[in-house]
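The values are calculated or read from the model by the stated rules, or taken from the named source; none is laboratory data. Quantities reported herein were computed from a predicted structural model and do not represent experimental measurements. All Cβ positions, even for glycine, are placed from backbone atoms using ideal geometry, and neighbour counts span all protein chains on display. Surface accessibility is based on the protein's heavy atoms, side chains included, excluding ligands, DNA and RNA. Shrake-Rupley method; radii C 1.70, N 1.55, O 1.52, S 1.80 Å.
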Amino acid sequence: MASDFLKSIFQYARALSSIGIECGSLIAFIAPNRPEALAIRYAANLLGAATTYLSVPVSAQCRMELIAQINPALLVVFNETAHLLPDETTARLAVIGIDLAGASLRLDELAAAQLDAPIMSLARPDDMAVIISSGGTTGVPKGSWRNFAAYTALVHAPVPSGRRQLINGPLAYLSQVLVDMTLLGGGSVVLENSYDAASTLMAIESERITDLFLVEPQLFEVMDHPDVNRRDLSSLRTLTHIGDSAPPTLRLRARERLGAVLVHTYGASEMGVVSSLSAAEHDLDHLELFTCAGQIRHGVEVQFRRDDGTLAEPGRDREYRGAISGYGKRLPQPRRLSGNFFYRRMVSHW
């Protein structure tokens, strides 16, 4: 299966090249969680082109404005997502698995006719590689772009052997990063097209999932689901949740119910992870750790500011003292993250 997937990347790369996609092009996707959506993204990146999985606002008007804002050289839609395409869009379309009125390019059929031999990557470190979208909860989604050097550094993280990552959230957000990290580390990815608590617990058992990512409402739904007591979850090594809305009491209950697998991260889809509290740091003997968002990650600079915009000072601003000086001697130079902050890393915004 892995060899077939790799061959499909080379075929899609040749197909994209034949229709003019090149270094500097931008391809957008309204994509389901399926291997073809990954293969086409990797193929575009091989050519030096940038890619973006579009988030999908409920409003067709917002979706139309988002596509116009992105202005892609090619918009790829799939059988499962064709109904989300706004009628008024003028973007050049390519379709997968469906004949769609107004779209003359069946990219899957074009790729099937191509050679599957390897091709050399044309990507350059400083060229735009990816645009990561926000959720669009306040209207038309926003996003940030990373060049190939920055994105490569982001996804080249150590991965434990035997990793089996369940992906059941949209590829537009952190899911694509987890996919890339897992595959680059030699692990396996299990794709499900949507989240459901019962299905998630069943997949952990049947697919022997080791790593899972959930937003906080999903975490609490999973841990309170009746199936949590009858499913075999022993394969799970890391259950990562992200957000800032989890009260310490709920995080503690999740730790007690699911075991020493809970990892808390804080950040944003379009800017990446700012801090994390590891599974080992969810220590039941140190309950104060459940009130924080963990240690600031390497490569992230954090500034705490007062209400008037001036910088907080170590030792003088009491409410930020823990954030600046650390939350305990038992961890190597930890920095507690709480309150309001500004941070920056290697991203640009649009």
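Going by the conditions given, is Ser199 closer than 30 Å to Ala153 by Cα and small (Gly, Ala, Ser)?
No: the conditions fail for Ser199.
The rows are residues; the columns are (1) over 22 Å from Ala149 (Cβ atoms); (2) among the aliphatic types (A, V, I, L, M).
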site: Ser8; (1), (2): yes, no
site: Ala15; (1), (2): yes, yes
site: Gly24; (1), (2): no, no
site: Pro35; (1), (2): yes, no
site: Ala39; (1), (2): yes, yes
site: Gln61; (1), (2): yes, no
site: Met64; (1), (2): yes, yes
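Here are the criteria: (1) among the small types (Gly, Ala, Ser); (2) in contact with a helix residue (DSSP H, G or I) (Cβ under 7 Å, 6 or more places away or on another chain); (3) closer than 20 Å to Leu212 by Cα; (4) at pLDDT 65 or above. Tell me which single one Ser269 does not satisfy.
The failed condition is (4).
Name the residues in the stretch 36-85 that are modelled with pLDDT of 95 or more and part of a helix (DSSP H, G or I), would you?
Correct list: Glu36, Ala37, Leu38, Ala39, Ile40, Arg41, Tyr42, Ala43, Ala44, Asn45, Leu46.
Restricting attention to the stretch 91-118, and to residues there that are open to solvent by 40 Å² or more (accessible area, probe 1.4 Å), of a type outside the set (A, V, I, L, M) and not in a loop (DSSP other than H, G, I, E, B), which single residue is farthest from Tyr12 (Cα to Cα)?
Arg106
Find the helices (runs of 4 or more DSSP H) located wholly in the stretch 137-213 whose residues include 1 or more that are among the hydroxyl-bearing types (Ser, Thr, Tyr) and in contact with a Ser or Thr (Cβ under 9 Å, 6 or more places away or on another chain), and list them.
In the stretch 137-213, 176-184 are the helices (runs of 4 or more DSSP H) which contain 1 or more residues that are among the hydroxyl-bearing types (Ser, Thr, Tyr) and in contact with a Ser or Thr (Cβ under 9 Å, 6 or more places away or on another chain).
Looking at the stretch 285-302, which of the residues that are open to solvent by less than 50 Å² (accessible area, probe 1.4 Å) and either of a type outside the set (Val, Ile, Thr) or touching an Asp or Glu at 6+ places or on another chain (Cβ under 9 Å) (or both) is nearest to Glu256 (Cα to Cα)?
Phe290
Which condition from (1) closer than 27 Å to Ala15 by Cβ; (2) of a type outside the set (S, T, N, Q); (3) at pLDDT 95 or above; (4) under 15 Å from the mean Cα position of the chain (by Cα) is the one that Leu166 breaks?
Failed condition: (1).
Looking at this structure, is Tyr266 of a type in the set (Phe, Trp, Tyr), buried (at least 18 other Cβ atoms within 10 Å of the Cβ) and in a helix (DSSP H, G or I)?
Considered against the rule, which asks whether it is of a type in the set (Phe, Trp, Tyr), buried (at least 18 other Cβ atoms within 10 Å of the Cβ) and in a helix (DSSP H, G or I), Tyr266 comes out as no.
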